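Structure first, then comments.
Values quoted throughout were computed directly from the atomic coordinates according to the rules given, and no laboratory measurement underlies them. Given the structure is predicted, the values throughout are model-derived calculations rather than measurements. Note that we place each Cβ from the backbone using ideal geometry, even for glycine, and neighbour counts take in every protein chain shown.
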């Protein structure tokens, strides 16, 4: 059961929100009459918790590599709705002269139970409606061929954003490489080559062609053992400090050729 409680701890964070949830759940169990509201908020939450705490998950954890994400079962629980409903029910049961003070206390509890998300170092203001870096959008728009998919090798730091913007740009490696590197299930040879201080142009061009990837996007400050043009990858353009290369031997499409 230690494995299950470790997952609960990972989900709980600081723990105050989870504490509020359990208090609210018990309160609603006592306070609410039988009906759809109680079923959706109380019994469904209890059912989800029962699934989460089922000891059979230990067997699953022994044989599956994704067992550390067991806490995602807890995402099914309408935690916010349970807490807020309990607060509304509690405030409604008070005398009129006490309601204002109770609401202030409840709001304060909600505030201190969380964190100011905009203080996170990973937070950046949205640059566009897709909430991905504008550089990724501009590069994708440059290489997209109307009416078909195109494969492109992006720098590791951009991998997670490309598919969020468009499904027309495919990549030779993906999220597993980003998260686990050499320990990922489908670790890419190209991903390994991109970890080097100096890129091996010969090996990189060979692997890109083997992966049927005509486009190669790389930061302008990266160094190569030799020029990519030596292996028939020609320089297309630079967008926000990233160079775009294209395999001269690849068939991209008539529309693109005319555009070029």
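Quick notes
- Counting other Cβ atoms within 10 Å as a rough exposure proxy, the listed residues 57, 75, 43 run 75, 43, 57 from fewest neighbours to most.
- From most to least packed by mean Cβ count within 10 Å, the peptides 12-21, 199-208, 218-227 give 199-208, 12-21, 218-227.
- Theoretical gain in end-to-end length, residue 91 to residue 142 [0.36 nm per residue, Cα-Cα removed]: 12.7 nm
- Using alpha-carbon coordinates, inclination of helix 96-112 to the longest axis of the chain, degrees: 30
- Against the chain, whose longest principal axis comes from its Cα atoms, helix 16-31 is set at around 40 degrees.
- Listed peptides 234-244, 145-155 by packing density, highest first (mean Cβ within 10 Å): 145-155, 234-244
- Overall shape: prolate for the chain, with the ratio a/c of the largest to smallest alpha carbon gyration tensor axis at 1.5 or above and a/b above b/c.
- Estimated 222 nm signal from helices in the chain, with DSSP H stretches of n ≥ 4 weighted -39500 (n - 2.57), rounded to 500: -13000 deg cm²/dmol
- Ranked for footprinting exposure by Cβ neighbours inside 10 Å, fewest first, 213, 39, 135 give 39, 135, 213.
- Rounded, prolate or oblate (a/c below 1.5 giving rounded, otherwise prolate when a/b exceeds b/c) for region 2-119 by Cα gyration tensor: oblate
- Compared with the dominant Cα axis of the chain, that is its longest principal axis, helix 79-92 is turned about 30°.
- Between region 1-15 and region 191-231, the Cα center-to-center distance that results, in Å: 42
- Here r is the Cβ-Cβ distance between residue 128 and residue 230 and R0 is 35 Å; the resulting FRET efficiency, rounded to 0.05, is 0.45.
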